[in-house]
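Have a look at the structure below before the remarks.
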Amino acid sequence: MTTAVSDPATVHYQVRNRVAIITIERPEAMNAVNGAVSTGIGTALSSADADPEVRAVVLTGSGRAFCSGADLKALSRGEDIMAAGHPEWGFAGWVQHRVTVPTIAAVNGFALGGGTELVLAADLAVADPAATFGLPEVRRGLIAAAGGAIRLPRQLPYKVAMELALTGASIDAETARDLGLINRVCEPGAVLKAAVELAERIAANAPLAVAETKRVIQETAALGSSWDEESWRISDQAMRRVVRSEDFAEGTAAFAAKRQPQWRGR
């Protein structure tokens, strides 16, 4: 089943086979983020997270760019580029937008500055061989304030992150994969297909278990040692929620009966 809501001037949203696909539709502006884009992405992400039929979200761009960052022309005109009514969602309605559903960046091309920050905010990322990444803000007298300076050293080795952030250098897709910034590089022109296939693999699993797994990983990531008592408290609470769920009962019953489980997300 496919459902779609379209605003071709800014952002296209489509749900297909339990996967929501959000596409930035400003190829003439290298998919730069203005207020309409932030509102469109943020609204689509909220819709996906509230939809029980959506099990994963893919974010991509149209044309040859994934996202070139903030729309500097809009900023020069004094325009607000944040999502209307939702500044708490952060840049592009994405980088501070907390959702339980897993998110995947399908990086189809140029992704410097704010584009890389969208990738850093995603749970997973797949890239076209032509994709480029980097945080060039220091070359323009700025800092990577949409999460780049925070997330880069959490996802890359510290000194590698420092070099990229302080020099403003860019890297190609294969280097990004080797450093762990993205999960994989796909065949040319096949990034959306590869990202959707990854999303469908996630969507085949128990939705509550997936959501709780994401929660535990995110909430314990900054706590330090795996022996930290708070880490175990978070994990134990998540496990209690999962084992009381209908999906846990269905999963064990399906395993015993050697059939495919029918997940209900509760």
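Bear in mind these aren't lab numbers, they're just calculated from the coordinates by the rules spelled out. If you're wondering where the values come from, they're calculated on a predicted model, not measured in any experiment. Cβ: placed from backbone, ideal geometry, glycine included. Neighbour counts: every protein chain shown.
ALA253 sits among other residues whose Cβ lies under 12 Å from its own Cβ, and their net charge, with Lys and Arg +1 and Asp and Glu -1, is -1.
Estimated from the Cβ-Cβ distance and a Förster radius of 51 angstrom, the FRET efficiency linking TRP232 and ARG77 is about 0.50.
How big is the Kirkwood radius of the stretch 87-182, worked out from every pair of different alpha carbons and given in Å to one decimal? Averaging 1/r across every pair of different Cα atoms and inverting gives 13.2 Å. When the chain is treated as a GNM, springs tying every alpha-carbon pair under 10 Å, which of SER235, SER245, SER225 comes out with the largest mean-square fluctuation? Residue with maximal mean-square fluctuation among SER235, SER245, SER225: SER225. If we count every other residue with Cβ under 11 angstrom of LEU156's Cβ, Lys/Arg +1 and Asp/Glu -1, where does the sum land? Around LEU156, the surrounding residues sum to +1.
Loop-located chymotrypsin sites (Phe, Trp or Tyr not before Pro) in the stretch 190-266 (DSSP state not H, G, I, E or B) with no more than 14 neighbouring Cβ atoms inside 10 Å: TRP227. A Gaussian network model of the chain, with springs between Cα atoms under 10 Å, assigns the largest mean-square fluctuation among ALA125, ALA195, ALA169 to ALA169. I want to check the label-to-label distance for GLU187 and ILE217. Put each point 7 Å from Cα in the C-beta direction and report it in nm to one decimal. Placing both labels 7 Å beyond Cα along the Cβ direction yields 2.7 nm. Derived value for the stretch 207-257: Kirkwood hydrodynamic radius 11.9 Å. Basis is the mean of 1/r over every pair of different alpha-carbon atoms. Kirkwood analysis of the chain, using all unique Cα-Cα pairs, places the hydrodynamic radius at 19.2 Å.
Helical runs (DSSP H, four residues minimum) scored at -39500 (n - 2.57) apiece and divided by the length of the chain put the mean residue ellipticity at 222 nm at -12000 deg cm²/dmol. Beyond 15 Å, the tail of the calculated P(r) for the stretch 170-229 holds 68 percent of the Cα pairs. A simple charge model with +1 on the Cβ of Lys and Arg, -1 on the Cβ of Asp and Glu and nothing else charged puts the dipole of the stretch 2-203 at about 240 debye relative to its Cα centre.
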